[in-house]
1. Quick check on residue 118: is it closer than 20 Å to residue 196 by Cβ and surrounded by 12 or more Cβ atoms within 10 Å (Cβ to Cβ)?
2. If only one of 32, 55, 85, 2 is out of contact with any strand residue (DSSP E or B) (no Cβ under 6 Å at 6 or more places or on another chain), exposed (fewer than 13 other Cβ atoms within 10 Å of the Cβ) and at pLDDT below 65, which one is it?
3. What are the residues in the range 92-120 that are over 24 Å from residue 148 (Cβ atoms), outside any loop (DSSP other than H, G, I, E, B) and at pLDDT 90 or above, if any?
4. When you check residue 138 against the structure, is it assigned to a strand (DSSP E or B), within 30 Å of residue 88 (Cα to Cα) and modelled with pLDDT under 90, yes or no?
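The values are calculated or read from the model by the stated rules, or taken from the named source; none is laboratory data. Note that the structure is a prediction, hence the values are computed from the model and not measured. Every residue, glycine as well, gets a Cβ built from its backbone with ideal geometry; the counts of neighbours run over all protein chains shown.
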């Protein structure tokens, strides 16, 4: 009976020692990880300064490891891009000194359908799936234009439209061409055919 108790006590002590060893292994592993991170920080101090993380690119992935978004910079252009599950572009914000800031939206086939950008002046452009401009809104310090176009090419212009007229006269046998370009008042409306000829306007 005493032998059984001793054997049981010995097994318990062995199990206790094994538990301590397992715990010690975890503590050593955690300490090694913390030490490694601390050494990495000491080697790369510029990456972590004043609570900021410095990098050229960040990638956001889903549970399956597929890229859903990217934030980065390349060749002087900073960008934030969003993708669907098949890594097709859905939206993008781009900033560069050469072209200015812009926001681009894409359809399911990655065709650009909307563009908002600021170069010298702000501009909003809407495209059809075949890359044709269907709507345009622009504004500068003096004028503003809202331009609409259907699939057949008929156009409606609200605001300061640009009118171009050409007059051809003869000076002897030589024709003389006179082109005139002017802007309409801000309250004007124009309807134009696919050949850009005016169908109706007011005033």
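1. Values: closer than 20 Å to residue 196 by Cβ: no; surrounded by 12 or more Cβ atoms within 10 Å (Cβ to Cβ): yes.
For residue 118, the condition - closer than 20 Å to residue 196 by Cβ and surrounded by 12 or more Cβ atoms within 10 Å (Cβ to Cβ) - is not met.
2. 2
3. Those that are over 24 Å from residue 148 (Cβ atoms), outside any loop (DSSP other than H, G, I, E, B) and at pLDDT 90 or above: 92, 93, 94, 95.
4. yes
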